[in-house]
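Accompanying notes for the structure given below.
The values are calculated or read from the model by the stated rules, or taken from the named source; none is laboratory data. Because the structure is predicted, anything quoted here is derived from the model rather than measured. Cβ: placed from backbone, ideal geometry, glycine included. Neighbour counts: every protein chain shown. What goes into the accessible areas is simple: the full protein's heavy atoms, side chains included, and nothing from ligands, DNA or RNA. Shrake-Rupley method; radii C 1.70, N 1.55, O 1.52, S 1.80 Å.
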Amino acid sequence: MEQDHLHEDYILWLNVLKKYGVSYGINEPMLEYRVSAGSKSGNKWKSAKMTYGVYRYIGLGRIKSLYYFMWYAICGITKYM
């Protein structure tokens, strides 16, 4: 099901991890993209709201969603310090 108001790629990866349980990262860029002011990722408040929506969409309860969202926010803030 397509969710235009959420991060579809994030939902995909969470479903892959749920199904297979493990993934391995590659520490090199595999693609490039641009973020514009009107894009989903361009507005950080909108992006944060969509991230919380992803947690709820995949079936996490409110408390668990808030817990993971808290870590999302902390990592996002410390990334730019």
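The count of lysine pairs in the chain that are at least 8 places apart or cross chains, and whose C-alpha atoms lie under 21 Å apart, stands at 9. Here the chain is treated with +1 on each Lys and Arg Cβ and -1 on each Asp and Glu Cβ, and its dipole about the Cα centre works out to around 400 debye.
Surface listing: Ile11, Ile58 arranged by accessible area from highest to lowest gives Ile58, Ile11, probe 1.4 Å.
Would you look at the GNM of the chain, springs on alpha carbons closer than 10 Å, and say which of Asn27, Asn43, Asn15 moves the most? Checking each option, the largest mean-square fluctuation is seen for Asn27. Just checking the listed ones, Lys18, Lys49, Lys64: in the Gaussian network model of the chain with Cα springs under 10 Å, the one fluctuating most is Lys18.
Rounded to the nearest 500, the 222 nm mean residue ellipticity of the chain from helices alone is -18000 deg cm²/dmol, with -39,500 (n - 2.57) taken per DSSP H run of at least 4 residues. Fraction of C-alpha pairs exceeding 22 angstrom in the chain: 32 percent, rounded to a whole number. Could you tell me whether the stretch 42-81 comes out rounded, prolate or oblate from its Cα gyration tensor? Rule is a ≥ b ≥ c as square roots of the eigenvalues, rounded for a/c under 1.5, then prolate if a/b exceeds b/c, otherwise oblate. Judged from the Cα gyration tensor, the stretch 42-81 comes out oblate (a/c at least 1.5, b/c at or above a/b). By accessible area, using a 1.4 Å probe on protein heavy atoms only, the chain has 61% of its surface on carbon and sulfur.
Take the chain with all the other protein chains still there, run a 1.4 Å probe, and you get 89 Å² of accessible area per residue.
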